[in-house]
Amino acid sequence: MSTGRALWGRVPPWAVDGGLVVLAVLDAWVNLYGEGTPLVWACVALGSTALFLRRRFPLAVFLLTLPMTLFMDVAVAPITALYTLAASTRNRPMLAGCALLNAGVDTLVWPLSDAFDGDRTWTLVQFVYTLATAVAPVLFGQLVQARRDVARQLVEVEEAREHERALHAQTVLARERAQLAREMHDVVSHQVSLIAVQAGALQVAAKDADAREAARTIRTLSANTLDELRHMVTLLRASGGKATELTPQPTLADLRQLIANSGIETTLVGELPIGISTTAQRTVYRTVQEALTNVRKHAPGARAEVRLWHDAHHFGVTVTNTAPTRPSVALPSARHGLIGLKERAELLDGTLTAESTPQGGYTIELRAPARSD
C-alpha cells in the first residue's frame, strides 16, 4: 500500500486534473449520446475545464459544475468538485448547503416546467438518493483533511520530543561540566596549590643552589598550572551552571586525613549530629578543604581551627585561621572556590559566610538547617 501511495504521489497535479477533465467530458458525452444543444455543450465545457482550477477556487469550481448537472445526469465533475471543496475547507454548514444544492439541482429536470409534473414520491426518493451521493465525497474529503491534520500534529509532536531530548542532553552536559569544574577546583587545585606552597618553602630553606632552582621551577610550574586551571574552571562554569552531585565524594570519615595532609597546624574540635546526609557531609568536607587551601595560599605560617557544631535547629562548620607569619606566595585565584561553596550551601538551604577577623586572620562558616539532613 505504501508503494502505491508513493507512486501516486509522484504524479504531477496537472496530470491528475487533466485526467479528471477528460473523465468529466466523457461522462457528459455518454449521457448525451453525442447529442446536445450548443448551450448544453457550453455548460459541459465550462464545468469540466473548471476542474483545472479546483485546488485554487474550490467553491467557484463547484458552482460552475451545477449547470451541466441540471441538463444531464453526470457524476464526475460535481463529485470531484465537492470532494475538493470538502478537503480544503472547515466550514461544515457551507458543505452541507453545497451537498443539498447539488442534490436539488440533480433532482430537477430541464425544462423546469416538467420537474414537478411527475410522481412527487419518486422525486423525493430521487432527491434522497442524490443527496446520499453528494454526501459521500463530502465525508471522504473531510476524512482526508482530518488525516492531514493528524499527520501534521504527529510531525509537530515528534519535533517537540526532539527539542525536549536536545534540551535534556544540554542540561545533563551542563551539569557534568559544572561538576567537573567543581572537582577540578576542589581536588586538582587543592593538590597543585599544596605543591606550590611546599616548593616555595623548599626554595627558601634549601642551601644548595641547584635545589633552590629546582624548587623555584616547581613553584613556577605549579603557579602556571593553577592559572590554566582557573581559566578552564571559568570556561566550564560559564557553560555548566549549578549542578547536583553526580559522583561519590569524600565524607566526614576523610576529614581527619584531609587535615593531616594539609601541612597546616590545625585543630579539630566539636562534632556534627549523627545521621546527616551524605550531601551534607560532602559539603562540610569541601568547606574545610577550601578553607585550608586558602590558608596555605594567603596565610603562610598561620594556625587553623576547624570547629564542627550543631544545635536544635542548625548544624555547620567554622574554620578560623590566625594572621600569617610570613609573606605569601603569589598564586592565581578567581574566587571560584567560595562560589562553589555557596552553591553547595544553597543545596542544603543554608548559607556560607567568609570574612576577616579583628586579629588579622580569616573565618569561613557554613550554616545549614537541621531539617535538610
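When region 213-267 is filtered for residues that are under 21 Å from Arg286 (Cα atoms), at pLDDT 80 or above, part of a helix (DSSP H, G or I) and of a type in the set (D, E, K, R), the ones remaining, listed by number, are Asp254, Arg256.
Looking across region 71-90, not a single residue is under 46 Å from the mean Cα position of the chain (by Cα) and at pLDDT below 80.
Ala181: at pLDDT 75 or above, surrounded by 15 or more Cβ atoms within 10 Å (Cβ to Cβ) and either over 16 Å from Arg230 (Cβ atoms) or touching a Lys or Arg at 6+ places or on another chain (Cβ under 9 Å) (or both), yes or no? Criteria not met by Ala181. Inside region 202-233, residues that are touching a Gly at 6+ places or on another chain (Cβ under 9 Å) and surrounded by fewer than 17 Cβ atoms within 10 Å (Cβ to Cβ) make up a count of 1.
What's the total number of residues in region 44-71 that are out of contact with any Phe, Trp or Tyr (no Cβ under 6 Å at 6 or more places or on another chain) and surrounded by 19 or more Cβ atoms within 10 Å (Cβ to Cβ)?
Let us first name the residues in region 44-71 that are out of contact with any Phe, Trp or Tyr (no Cβ under 6 Å at 6 or more places or on another chain), namely 44-69.
Remaining after also requiring surrounded by 19 or more Cβ atoms within 10 Å (Cβ to Cβ): 44, 47-48, 50-51, 54, 58, 61-62, 64-66, 68-69.
Number of matching residues: 14.
Residue-wise test of (1) out of contact with any Pro (no Cβ under 6 Å at 6 or more places or on another chain); (2) under 29 Å from Asp149 (Cα atoms); (3) modelled with pLDDT of 90 or more.
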| position | (1), (2), (3) |
| --- | --- |
| Leu32 | yes, no, no |
| Pro38 | yes, no, no |
| Thr69 | no, no, no |
| Arg92 | yes, yes, no |
| Gly97 | yes, yes, no |
| Val105 | yes, no, no |
| Trp110 | yes, no, no |
| Phe116 | yes, no, no |
| Tyr129 | yes, no, no |
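Would you confirm whether or not region 25-37 contains a residue that is under 23 Å from Ala136 (Cβ atoms), buried (at least 19 other Cβ atoms within 10 Å of the Cβ) and touching a Cys at 6+ places or on another chain (Cβ under 9 Å)? Yes.
The values are calculated or read from the model by the stated rules, or taken from the named source; none is laboratory data. Given the structure is predicted, the values throughout are model-derived calculations rather than measurements. Glycine also receives a Cβ, built like all others from the backbone with ideal geometry; neighbour counts cover every protein chain displayed.
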